[in-house]
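Data first, discussion second: the structure below is written as structure tokens.
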Amino acid sequence: KQEVTQIPAALSVPEGENLVLNCSFTDSAIYNLQWFRQDPGKGLTSLLLIQSSQREQTSGRLNASLDKSSGRSTLYIAASQPGDSATYLCAVPNYGQNFVFGPGTRLSVLP
Amino acid sequence: ETGVTQTPRHLVMGMTNKKSLKCEQHLGHNAMYWYKQSAKKPLELMFVYSLEERVENNSVPSRFSPECPNSSHLFLHLHTLQPEDSALYLCASSQGTTNTGELFFGEGSRLTVL
């Protein structure tokens, strides 16, 4: 059974810092990994999708890497801004047509 | 409209009421999902429809009844709910008949059961 964990559970940083969020999964036989952002009380916004054949994916200040063999992905946020404050979740496909989500990292970027 | 739209955004109901949540996707996807998000718990898959057929039913109580009349619309019919069913219900869609496509979510329906 696929299990996904995320470290840290919460993170508070001053504006401008570069930061790394971590996602680990137990079954490395995945097609892809997806990172999402969730603002309080809102739905999930897709940030990046990394296919299993890729090692990393970039979008603006965000860079996500994937190491299938070690069961890890990292989301790097450069030059953080207060608007980046949200919960960040990773998800991987599971058996059938299911996706398994991590518990999320709650990020606060202080002005 | 674009993306995935959910209505209503907020719903308060009594334990004896019957209500429905609606989801519509404008992305041309062929798979749609209902997820439940409770406080301090990871997202839980409830149902998956692929090509309008239910392919996943994740041990959900029968008081939740999904309906997918076509590939663009998904409903979740609610009846005789319990207070512990209060949560954010999220609809999502993806393209493909396997879980290889990118997931897109709606804004969610916040349900409160009194």
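Couple of notes before you dig in:
- For the stretch B:70-114, chymotrypsin sites (Phe, Trp or Tyr not before Pro) are listed when DSSP marks them as loop and at most 13 other Cβ atoms sit within 10 Å of their Cβ; the list is empty.
- Given charges at beta-carbon only (K, R positive; D, E negative), |dipole| of the stretch A:40-90 in Debye: 60
- Pairs over the 19 Å Cα-Cα cut-off, from the set A:LYS42/B:LYS36; B:LYS19/B:LYS40; A:LYS42/B:LYS22; A:LYS42/B:LYS40; A:LYS1/A:LYS68: B:LYS19/B:LYS40.
- Under 14 Å from a label point set 7 Å out along the Cα-to-Cβ vector of A:ARG61, the amide N atoms of the stretch A:69-111 belong to A:76-86, A:107-111.
- The packing ranking, built from the mean of other Cβ atoms within 10 Å per residue, places the peptides A:51-58, B:29-36, B:61-68, A:40-47 in the order B:29-36, A:40-47, B:61-68, A:51-58, highest first.
- Translational diffusion coefficient (Stokes-Einstein; Kirkwood radius from C-alpha pairs) of the protein assembly as shown at 20 °C, 1.002 mPa s, in µm²/s: 119
- Computed E for A:SER53/A:LEU110 - FRET, C-beta separation, R0 35 angstrom, nearest 0.05: 0.40
- For a label point 7 Å along the Cα-to-beta-carbon line of B:ASN17, residues of the stretch B:51-86 with backbone N under 19 Å: B:63-66, B:75-86
- Estimated distance in nm for a label pair at A:SER24 and A:TYR76, the labels positioned 7 Å out from Cα along Cα-to-Cβ: 2.1
- Peptide A:86-92 is shielded by partner chain Cβ atoms: per residue, an average of 1 of them sit within 10 Å of its Cβ.
- Pairwise Cα distances in chain B exceed 17 Å for 50 percent of all pairs.
- Average other protein chain Cβ within 10 Å of Cβ, residues A:48-58: 1
- Compared with the alpha-carbon gap, the fully stretched path from B:LEU114 to B:ALA39 is longer by 25.3 nm at 0.36 nm per residue.
- Most mobile of A:ALA91, A:ALA64, A:ALA78 in a GNM of chain A (Cα contacts under 10 Å): A:ALA78
Bear in mind that the values in this text are calculations on the coordinates, not laboratory data. These figures come from a predicted structure and were not determined experimentally. We place every Cβ from the backbone using ideal geometry, glycine too, and count neighbours over all the protein chains shown.
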